[in-house]
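The values are calculated or read from the model by the stated rules, or taken from the named source; none is laboratory data. For clarity, every value in this text was computed on a predicted model and none was experimentally measured. Virtual Cβ from ideal backbone geometry, glycine too; neighbours counted across all protein chains shown.
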Amino acid sequence: MQKQVSLVALAMATVASPSLAQEVVEGGSAEATPQADQVRSENLIIVSARRREETTQDIPLSISAFGSEEIDKFGFENAFDIAQQTPNVNISSFFDNSKPEIVIRGLGPQRLFSAFEQTPVGVYYDDIFSGSRSAHLAQMFDLERVEVLRGPQGTLFGRNTTGGAINFISKKPGDAFSLEGSVTYGRFNELSFEAAVDLPLSDTLAVRLAGIKRDRDGYVKNISGIPGVPERLQDVDNWGARAIIEWTPNASMDWTLNVHGFGSDTNTPAIFGRIGQGNGEPNTITGFVHPEDFYTLSINEVPEETIDAWGASLTGNIDIGNVTVTTITAYEDVEAFEFEDSDATPFAIQAFSVPDDHWQFSQELRFASNFGSLDWILGFYYYKDNLKANNVFNGFRDPLFGVAPGFEADNFLDQDTENWAIFGDVRLPLTDTLTVNGGLRFTSEDKSINADATVVVFSPDGMGGEIPFTIPTIVDEEVEADSNELTGRITLEWKPNDDLMIYGGYSRGFKSGGFNSQAFASPTELEPYDPETVDAFELGLKSTLFGGAATFNASIFHQKIKGLQSLVVIEDPLLGPLFFVRNAAEATSKGAEIEFRAEPMDGLTTSLGVGLVDAEFDSFPFNDGTGRDATGNKLPGVPSLSVNGLVQYEAYLAGGSSVTPRFDFSYVSDQFFEAQNRPLLDEQEGYILANASLSWRSSNERYEVRGWVKNLFDKQYFAKTLGGQSVSAGNATSYHGAPRMYGVTFRFRFD
């Protein structure tokens, strides 16, 4: 860690030199060149991370932002793609479009796969908090930008932002007619359509309609030959649609109605038995040996993921003198169902279905003003949701097991959450170059859950059938929990000139407590767990170099996590394995981020990002009676080093059209996926993913054709593993990253 801090400190000292630009560009003029102005406009994306419109270079916190053009050029399709190009951000999931495990600066869910367990990274769509984990990977299309904020955001964003926040911002209606879209064809018969149209209906009313449809055959081969189980898995079949209506009756008022929906229906997740017991070794329960090919498996049941979601929001901005009043009213509804063949074999050892039904209502009211040099925001936030689920866990139902009894465990959960908060944020210049930023947020949250659970034991009847015996294990159990949290931040920023800012500060965030959704066998499994809190210190700089031709940003951080929410499994001699979510651990995360972007010559764009994290458990006894302890282990899903970069050159041809070759890559070092840090079972070695494209754009910029390749070198890697399955299913299981993908995209635009 000392080397990490020294590296950033050296960079800060170098950039702070006022003569740097003149020394590097020998004999060059200090005035910005046309190409430098172009780079400046591309780098300084306007964001609303602090509920104000400002550039990324003006915000005293670690933030990465991608504008619409970069989203298109990178070929981003979902949040997984964004993580590859953002330092110290890692996203993984066993599913295709739901329940991602988002890790920022070492903070992520500790093996909590259910919709009931919150992620420490807040996910927002058009400033609306997404309370459903099943909707966190909604369709990315027609976006103006994506903002990724690192570190606790406990003032303006509030709950569930101990690690950071990701905000997806849609394109708004334009003031003139336009039609744009794209068609993509790629490997495995990928066929995607995307389109958007701007319709100005009057001087005060405008509409933007946008939609997307994606289809692709599966890249995973199933060789079980069992009727009803397809030969190809991990397909894509999803859609998204959005209508945004803007009404501006006068210069002092505007209203935006956003109605949207998305859906997915795929035969995913394809789960492999490939690690430890099962990596060329027989399953310890059945003796089955898994196929050797990385993308081939053999299962007896069809995996499934379906999502149907829709929502609407109304945002109003009203200027009253020097005060702007903002109101945001939103409703979201998400229904999701996931089924997985958990043992990854052609036998019925384990299967798990996870359905959930979630709705939420939220209301935010903000007052913002700028009286002279004082810039402040005051606000009130209200949130209410309901989440229902019926989780089903089947085990040992295969005739292979003969006289051994099988079982089915069901639970029925109904949870209500009510949350309100008041917050304030202020920015006060102390001198011409020194400014203090601060904010506080008080949050009150009440949760209650009603639960029932049964375990059905199936005994063979000797004639090929089963005799069920039902055991009620949780009967109409009601549990309540409440919490009150004070969070906030204080930051000091120093701007000696327009091209340099150095800042340092402290922030605090919290993640909500709740109840364990994996309670099947005993009411004690439902006991509530408390909120998780993070205290973070950060020092950083933002700099613009060479008259705007480059930017260099860096930050170092130290975070203390208390009450870390973790899944703990305890073996009961009578009831078998019991699952608990407990505030079982404390942890420390420290590290740094560096982001550099430059256009050294006309048409050439380069960037480099580096993330360094040292995140480990300070204290984590499992309390399972075995004496196991993860103290000193690495936090799950946290590579100590991540690197990303790109090189792009736009060359103009005769007639004004252009050709642009582009290459980008990402690297993550070794990581563990579970707290036990078991070699082979939980470990993924470091790997590089590279992408390349070649595009042609017409002189009037109406048409573009781009050939692209993702995972250029066809790297085989584990996106997620479950080493604990080696005990209950006879082999550890894994979810595999996609192989090389390639295709052609045609884009058009008419004004």
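Results, tabulated for the structure shown:
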item	result
Segment 43-74: number of residues that are in contact with a helix residue (DSSP H, G or I) (Cβ under 7 Å, 6 or more places away or on another chain), at pLDDT below 85 and not β-branched (Val, Ile, Thr)	1
Qualifying residue in segment 651-662 (condition: polar (S, T, N, Q), in contact with a Gly (Cβ under 6 Å, 6 or more places away or on another chain) and assigned to a strand (DSSP E or B))	no
Every residue from segment 276-304 that is buried (at least 18 other Cβ atoms within 10 Å of the Cβ) and touching a helix residue (DSSP H, G or I) at 6+ places or on another chain (Cβ under 8 Å)	GLY276, GLN277, GLY278, THR286
Residue among PHE469, PHE510 that alone is under 28 Å from the mean Cα position of the chain (by Cα), modelled with pLDDT under 95 and assigned to a strand (DSSP E or B)	PHE510
Filter result (under 27 Å from TYR381 (Cβ atoms) and either of a type in the set (Val, Ile, Thr) or part of a strand (DSSP E or B) (or both)) within segment 152-207	THR155, THR161, THR162, GLY164, ALA165, ILE166, ASN167, PHE168, ILE169, SER170
Matching entry among PHE129, PHE193 (being touching a Ser or Thr at 6+ places or on another chain (Cβ under 9 Å), farther than 25 Å from GLY488 by Cβ and among the aromatic types (Phe, Trp, Tyr))	PHE193
Restricting segment 313-364 to residues that are more than 30 Å from THR284 (Cα to Cα) and of a type in the set (Gly, Ala, Ser), the residue that is modelled with the lowest pLDDT	GLY321
Search result, residues across segment 710-735 that are in a loop (DSSP other than H, G, I, E, B) and surrounded by 21 or more Cβ atoms within 10 Å (Cβ to Cβ)	GLY723, ALA729, GLY730, ASN731
Qualifying residues in segment 365-389 (those that are under 30 Å from ASP265 (Cβ atoms) and in contact with an Asp or Glu (Cβ under 7 Å, 6 or more places away or on another chain)) - the one surrounded by the fewest Cβ atoms within 10 Å (Cβ to Cβ)	ASN386
Residue list for segment 215-264, restricted to those being more than 26 Å from the chain's Cα centre (by Cα) and within 30 Å of GLY743 (Cβ to Cβ)	LYS221, ASN222, ILE223, SER224, VAL229, PRO230, GLU231, ARG232
Segment 508-533: number of residues that are surrounded by 24 or more Cβ atoms within 10 Å (Cβ to Cβ), touching a Leu at 6+ places or on another chain (Cβ under 7 Å) and either more than 12 Å from GLN565 (Cβ to Cβ) or free of Cβ contacts under 8 Å to residues at least 40 places away in the same chain (or both)	3
Among residues of segment 461-474, those that are within 13 Å of PHE407 (Cβ to Cβ) and not hydroxyl-bearing (Ser, Thr, Tyr), counted	5
Residue within segment 524-538 that is part of a strand (DSSP E or B), in contact with a Pro (Cβ under 9 Å, 6 or more places away or on another chain) and over 24 Å from ASN160 (Cα atoms) present	no
Strands (runs of 3 or more DSSP E) completely within segment 259-364 that count 2 or more residues being in contact with an Asp or Glu (Cβ under 8 Å, 6 or more places away or on another chain) and under 20 Å from LEU722 (Cβ atoms)	304-320, 323-340
One residue from THR431, THR417 being crowded, with 16+ Cβ neighbours inside 10 Å and hydroxyl-bearing (Ser, Thr, Tyr)	THR417
Subset tally (residues that are surrounded by fewer than 18 Cβ atoms within 10 Å (Cβ to Cβ) and either under 30 Å from ASP535 (Cβ atoms) or charged (D, E, K, R) (or both)) for segment 136-189	4
Residue tally, condition among the acidic types (Asp, Glu), under 15 Å from the mean Cα position of the chain (by Cα) and in a loop (DSSP other than H, G, I, E, B), over segment 128-151	0
Residues of segment 305-316 classified as over 21 Å from PHE339 (Cβ atoms) and surrounded by fewer than 18 Cβ atoms within 10 Å (Cβ to Cβ), total	4
Residues that are more than 21 Å from SER130 (Cβ to Cβ), surrounded by 19 or more Cβ atoms within 10 Å (Cβ to Cβ) and in contact with a Lys or Arg (Cβ under 6 Å, 6 or more places away or on another chain), drawn from segment 190-218	SER192, ASP198, GLY218
Filter result (modelled with pLDDT of 95 or more, among the hydrophobic types (A, V, I, L, M, F, W, C) and in contact with an Asp or Glu (Cβ under 9 Å, 6 or more places away or on another chain)) within segment 654-688	VAL659
Answer from ALA651, ALA615 - the residue that is modelled with pLDDT of 90 or more and surrounded by fewer than 22 Cβ atoms within 10 Å (Cβ to Cβ)	ALA651
Tally, over segment 82-92, of residues that are out of contact with any Asp or Glu (no Cβ under 8 Å at 6 or more places or on another chain) and touching a residue at least 40 places away in the same chain (Cβ under 8 Å)	5
Answer residue from segment 447-497, given it is touching a strand residue (DSSP E or B) at 6+ places or on another chain (Cβ under 8 Å) and small (Gly, Ala, Ser) and is surrounded by the fewest Cβ atoms within 10 Å (Cβ to Cβ) among those	SER459
Test: residue in segment 120-129 that is touching a Gly at 6+ places or on another chain (Cβ under 6 Å), modelled with pLDDT under 95 and among the β-branched types (Val, Ile, Thr)	yes
Residue within segment 723-731 that is of a type outside the set (Gly, Ala, Ser) and under 29 Å from LEU608 (Cα atoms) present	no
Subset of segment 663-709 [more than 30 Å from ALA729 (Cα to Cα), under 20 Å from the mean Cα position of the chain (by Cα) and surrounded by 18 or more Cβ atoms within 10 Å (Cβ to Cβ)]	PHE665, SER666, LEU689
Unmet requirement for PRO282, which otherwise passes all of (1) over 29 Å from ARG216 (Cα atoms); (2) at pLDDT 90 or above	(2)
Segment 393-432: number of residues that are of a type in the set (S, T, N, Q), part of a loop (DSSP other than H, G, I, E, B) and in contact (Cβ under 8 Å) with a residue 24 or more places away in the chain	0
